[in-house]
1. Grab the Cα-Cα distance for I66 and T179, subtract it from 0.36 nm times how many residues apart they are, and report the gain in nm with one decimal.
2. Normalized C-alpha radius of gyration of the stretch 150-200, against 2.2 N^0.38 Å?
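Derivation of every value follows stated rules applied to the coordinates shown; laboratory data play no part. Since the model is a prediction, treat every value here as computed from it, not as a measurement.
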Amino acid sequence: MQAIWCRPTWPKPFAAGLPARGNSLANESIDILYLIDRLEELVARGFHVPLGSGVVVHRQRLLDLIDRMRVAMPADIREAREVLQKQEEALAQAQEEAGRIIARAQAELEERLKNEAVVKAAEERAQQIVREGEGRAQALVRDAETQARERLDEAQKVAQQQMEEADLYSLQTLRRLETQLNNFLNTIRKGIETMEERGH
């Protein structure tokens, strides 16, 4: 006889003997509570282990009771178990799909943040380039204005000097012309005086 060690429970009066395992269990109408009582009685009738609180029960009878309990289990419970199993599978699939969605969302968020960082860096660089360009343009304008003022001052000085030189040259020329005219007039006067002296 094969025996199974179990912890004992409070004993109850043992009912009639158990039928052998595999006898058309699906066709019998068995009360699950009755089978639980039979299981409890089987444990109570087991052999006590000298040391400890365990007992040894008949293996075949225990397996028969387990088979009867499976068959006696109401269809609602089996269906509920199947529904629960399907719900667990659906929940696992939903969690897996949620994990994939979250992973994709995180990846898209990281990509957007990366793109936004690149765009922001490009905008800041463009603004910096614009500021540098404006600064250089303003510096070039200031340099050009300074050079223009310097050239204008220099041109004015040169023009003033040239005007002074032209005035001096004109004055000298007029004086030479005046001298020449005076000499010419003197020559004419002398010729007139000579002609007058000859006429007398």
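1. Working: separation 113, 0.36 × 113 = 40.68 nm, distance 15.69 nm.
Using 0.36 nm per residue and subtracting the Cα-Cα distance, I get 25.0 nm.
2. On the way: Rg = 21.7 Å, N = 51, 2.2 N^0.38 = 9.8 Å.
Normalised Rg, Cα atoms only: 2.21.
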